[in-house]
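Working notes, structure below.
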Amino acid sequence: MRVAVVSGGDPGHVVPAIALCLRFAEAGDIPFLLTGGQWVDAATRVGITASRVTGPALDDLRDAVDLGGALHSQAATLASALTPQLAALAPNLVVCDILALGASMAAELLGVPWAQLSPHPLYEPSRGLPPLGSGLAVGTGVRGRLRDALLRAMTARSIRQGDRQRAAVRQELGLSPREPGPAVRLVATLPALEVPRPDWPDNAHVVGPLLWEASEQRMSPPPGDGPLVMVAPSTAWTGATGMASMTLSALRDLGVRAVISTFSPPPAGLPDWVRAGPGRQDELLRRSAVLVCGGGHGMLAKALLAGVPVVVVPGGGDQWEMANRVARQGSGLIVRPSTVDGLRHAVARVLGDPGFAAAAARAGATIADVRDPVEVCRAALAPQLW
């Protein structure tokens, strides 16, 4: 099977796309990655055929007055650029990152089946949940259900506006205004991070986190016997700023060691109990007693799979949603607003209570209940392939 996987250049989206390509390759299929230019070399180094696609990164949309309109305008640009690229690859299936709206439109223009990749829990609106991003648990009782219904009504206008914008772009490209939807949805998360809903789509399957280590470098933790705290500042443009320096101030008097995982070289002048820079995060997590992070899904999933509890300093967007799901599950604490004293108290509490680590281990163990994404795609395409 020839599979084209399309993703933007944001690490939280392209890393799962690369991981999925590797899964297809291991299963004997032929994957192609179409993504932001800065990731093409990285994918090529691990044996994936990769090409650059045209279009702005999410960070380019930070100041957009109408983010939905900007995303749909980007989708039209992407669809036009991708159509000849995909035609030349002649794929049996196009896997589109959930934000790569133009990729699904290009697949439709070519008559090729497409799958949707959600590199996090299913964030589609539901008649049984509060709006995604609110961080709220499902309301209970009459008041709780009324609260959720009112919140859904408040967001319905924005959802309808997005539907209209998408319909207009589709018509400009020569497609029907109504999208037929994907052949299959790959929800790349842990079951522990999902929320039961009464309208779960029949073609949506939880396939587990799609993880790939962007760095092959090894980082040695600082010497000593103190607990190791791993700090992973957010790579998302919605993430909280200044988290690393604030966390170091909070950790200074706790008798711990720290590693700061970044894509950049370490800054000068770090104390001897701190190491910083690129390094394999999976290896660092296996040595860590707690992770301090921004709440991105990929980082949280890595921590839970390693049985490591978390202290989350969430920014906006889905980080707030993920932080609250982790807190409700029992495997971490939220610090918001972020302060040095708040971080110090949270880290000390997680280190002193083994219940957090036990909850993280339980969450990670739900990986046993996921489906294989390659098998899911093959099953969805079985009539066309055989």
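Each reported figure results from applying straightforward, stated rules to the coordinates on display, with no laboratory input. If you're wondering where the values come from, they're calculated on a predicted model, not measured in any experiment. Quick reminder, even Gly has a Cβ in these numbers, built from the backbone with ideal geometry, and neighbours come from all protein chains shown.
Shape class for segment 228-367, computed from the alpha carbon gyration tensor (a ≥ b ≥ c): rounded, with a/c under 1.5.
Using 0.36 nm times the number of residues separating residue 160 and residue 127, minus their current alpha carbon distance, what extension gain do you get? Please report the intermediate quantities before stating the final value.
Working: separation 33, 0.36 × 33 = 11.88 nm, distance 1.48 nm.
Separation in residues times 0.36 nm, less the Cα-Cα distance, equals 10.4 nm.
Tell me, in nm to one decimal, what length is gained between residue 151 and residue 168 on full extension, where the rule is 0.36 nm per residue of separation less the Cα-Cα distance?
On the way: separation 17, 0.36 × 17 = 6.12 nm, distance 2.68 nm.
Full extension from residue 151 to residue 168 adds 3.4 nm.
With +1 on each Lys and Arg Cβ and -1 on each Asp and Glu Cβ, and nothing else charged, work out how big the dipole of segment 228-367 is about its Cα centre, in Debye to the nearest 20. Walk me through the intermediate numbers first.
Working: 13 positive and 8 negative charges, 40 e Å.
Its charge dipole is roughly 200 debye.
In terms of other Cβ atoms within 10 Å, 270, 122 run from fewest to most in the order 270, 122.
Please return the longest range in the chain lying between exposed loop sites, taking trypsin sites (Lys or Arg not before Pro), DSSP loop only, at most 11 other beta-carbon atoms within 10 Å, and leaving the sites out. Present the calculation step by step, with values, prior to reporting the outcome.
Values: sites that count: 62, 127, 178, 218.
Excluding the exposed sites themselves, the longest stretch runs over 219-386.
Hydrodynamic estimate: the Kirkwood radius of segment 108-240 over Cα pairs, inserted into Stokes-Einstein at 37 °C and 0.692 mPa s, corresponds to D of 174 µm²/s. Each Lys and Arg contributes +1 and each Asp and Glu -1, all at the Cβ; summed about the Cα centre of the chain, the dipole is approximately 740 debye. Counted as membrane-span-like here are DSSP H helices of the chain whose alpha-carbon atoms extend 30 Å or more along the helix's own axis and whose Kyte-Doolittle mean is -0.5 or above; these are 67-89. The chymotrypsin sites (Phe, Trp or Tyr not before Pro) of segment 231-316 that meet both conditions, a loop assignment by DSSP and at most 15 other Cβ atoms within 10 Å of the site Cβ, are 237, 263. Placing unit charges on the Cβ atoms of the charged side chains and taking the dipole of segment 228-367 about its Cα centre, the candidate lying farthest along the positive direction among 266, 339, 356 is 356.
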